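**Q** Would you mind keeping the following structure in view while I ask a few things?
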Amino acid sequence: MNREQAVQLVDQYVHSDWLKKHSLATAAIMERLAEWLAERAGDLAGGDPDTWWVIGMLHDLDFDITQDPAVHGRKSEEILQELGVDQEIIRGILAHNAEGLSLERTETLDYAITAAESITGLIVATALVMPDKRLASVKPASVIKRMRKKDFARKVSRESIMLCEQAGIPLEEFAAIAVEAMQSIAPELDL
């Protein structure tokens, strides 16, 4: 599964614009996380950046179809297995909804995808309270500050974001990586 194929699948199965943007933002963050982990570990401990990008892009492939946490990810698993997609990609997708599927996160990838897809909402919400409503104005410290305010972006799981530390990435560094990744694709996110 390459990037182009992943985008085609998202276009086929994901109908809402916000979910496509969320998927793209998650993909960008995942790619940067794989690179960051590889730099720190001196090898590909974080995984292949292209594979991690694909996982981020496809993690909500079945959301418009299922919308039920008890099965979210399972339809994606079926679709991807029929296409002969690598099991690492499928496992990563399932891991982001481990609680709903009664699975256990055990790998760096499992924690990274969960934290990455969760922080996108917090970063977007932070951008939208900026005077210019642009990602360019968002600073990692602003994201962390707003993360500590429980009444800000209430639906964003702070616990899921904190799983970055289980992936070996300190929160401050994780926020910086995520903000920079999203800023790099701001035009595609309309922010």
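The values are calculated or read from the model by the stated rules, or taken from the named source; none is laboratory data. Just so it is clear, the structure is predicted and the values come from calculations on it, not from any experiment. Counting neighbours? That spans all protein chains shown, and the Cβs are built from the backbone with ideal geometry, glycine included.
**Q** Out of (1) assigned to a loop (DSSP other than H, G, I, E, B); (2) farther than 22 Å from residue 174 by Cα; (3) touching a Phe, Trp or Tyr at 6+ places or on another chain (Cβ under 8 Å), the odd one out for residue 84 is which?
**A** If we test residue 84 against (1) assigned to a loop (DSSP other than H, G, I, E, B); (2) farther than 22 Å from residue 174 by Cα; (3) touching a Phe, Trp or Tyr at 6+ places or on another chain (Cβ under 8 Å), just (3) comes out false.
**Q** Considering 65, 79, which residue is touching a Phe, Trp or Tyr at 6+ places or on another chain (Cβ under 9 Å), closer than 18 Å to residue 14 by Cα, surrounded by fewer than 20 Cβ atoms within 10 Å (Cβ to Cβ) and modelled with pLDDT under 95? Walk me through it before giving the result.
**A** Values: 79 fails: modelled with pLDDT under 95.
None of the other options fit; the residue is 65.
**Q** Something else now. Which is under 19 Å from residue 104 (Cα atoms) and not in a helix (DSSP H, G or I), of 15, 72?
**A** Details: 15 fails: under 19 Å from residue 104 (Cα atoms).
Exactly one of 15, 72 is under 19 Å from residue 104 (Cα atoms) and not in a helix (DSSP H, G or I), namely 72.
**Q** Only one of (1) farther than 19 Å from residue 164 by Cβ; (2) in contact with a helix residue (DSSP H, G or I) (Cβ under 6 Å, 6 or more places away or on another chain); (3) aromatic (Phe, Trp, Tyr) is not met by residue 13, so which one is it?
**A** In the conditions (1) farther than 19 Å from residue 164 by Cβ; (2) in contact with a helix residue (DSSP H, G or I) (Cβ under 6 Å, 6 or more places away or on another chain); (3) aromatic (Phe, Trp, Tyr), residue 13 misses (2) alone.
**Q** Filter region 100-120 for residues that are assigned to a helix (DSSP H, G or I), touching a helix residue (DSSP H, G or I) at 6+ places or on another chain (Cβ under 8 Å) and surrounded by fewer than 19 Cβ atoms within 10 Å (Cβ to Cβ) and give the result.
**A** Residues of region 100-120 that are assigned to a helix (DSSP H, G or I), as a first pass: 100-101, 108-120.
Checking the rest, the ones that are also touching a helix residue (DSSP H, G or I) at 6+ places or on another chain (Cβ under 8 Å) come to 101, 108-120.
Selection gives 101 alone.
**Q** Let me ask you something else. Report, ordered by the first and then the second residue, all pairs with beta carbons closer than 8 Å, sequence separation of six or more or different chains, a first member in region 94-107 that is more than 16 Å from residue 76 (Cα to Cα), and a second member that is in a loop (DSSP other than H, G, I, E, B).
**A** Final answer for the pair search is 99/69; 105/166.
**Q** Same structure again: Which of the residues belonging to region 7-52 are aromatic (Phe, Trp, Tyr) and at pLDDT 95 or above? Show your work before the answer.
**A** Applying the first criterion (aromatic (Phe, Trp, Tyr)) to region 7-52 yields 13, 18, 36, 52.
13, 18, 52 - these are the residues of region 7-52 that are aromatic (Phe, Trp, Tyr) and at pLDDT 95 or above.
**Q** Also: Which residue pairs have Cβ atoms closer than 9 Å, lie 6 or more positions apart in sequence or on different chains, and pair a first residue in region 161-185 that is farther than 21 Å from residue 97 by Cα with a second residue that is of a type in the set (D, E, K, R) and in a helix (DSSP H, G or I)?
**A** So the pair list comes out as 177/32; 177/35; 180/32; 181/31; 181/32; 184/32.
**Q** Suppose we filter region 135-160 for residues that are over 20 Å from residue 97 (Cα atoms) and either among the small types (Gly, Ala, Ser) or touching a Gly at 6+ places or on another chain (Cβ under 8 Å) (or both); how many remain?
**A** 4
**Q** Given the structure, is residue 145 farther than 18 Å from residue 52 by Cβ, part of a helix (DSSP H, G or I) and modelled with pLDDT of 95 or more? Explain how you work it out, then say what you get.
**A** Values: farther than 18 Å from residue 52 by Cβ: yes; part of a helix (DSSP H, G or I): yes; modelled with pLDDT of 95 or more: yes.
Judged against the criteria, residue 145 is a match.
**Q** Checking residue 4 against (1) buried (at least 18 other Cβ atoms within 10 Å of the Cβ); (2) modelled with pLDDT of 95 or more, only one condition comes out false. Which one?
**A** (1)
**Q** Do we have any residue at all in region 155-164 that's more than 22 Å from residue 32 (Cα to Cα), of a type outside the set (Val, Ile, Thr), surrounded by fewer than 20 Cβ atoms within 10 Å (Cβ to Cβ) and out of contact with any Phe, Trp or Tyr (no Cβ under 8 Å at 6 or more places or on another chain)? Step through it out loud before you land on a result.
**A** Taking region 155-164 first, the residues more than 22 Å from residue 32 (Cα to Cα) are 155.
Imposing the further condition that a residue be of a type outside the set (Val, Ile, Thr) reduces the set to 155.
When the remaining residues are screened for being surrounded by fewer than 20 Cβ atoms within 10 Å (Cβ to Cβ), the result is 155.
This time we only want the ones that are out of contact with any Phe, Trp or Tyr (no Cβ under 8 Å at 6 or more places or on another chain), so: 155.
Looking for residues that are more than 22 Å from residue 32 (Cα to Cα), of a type outside the set (Val, Ile, Thr), surrounded by fewer than 20 Cβ atoms within 10 Å (Cβ to Cβ) and out of contact with any Phe, Trp or Tyr (no Cβ under 8 Å at 6 or more places or on another chain), one finds at least one in region 155-164, hence yes.
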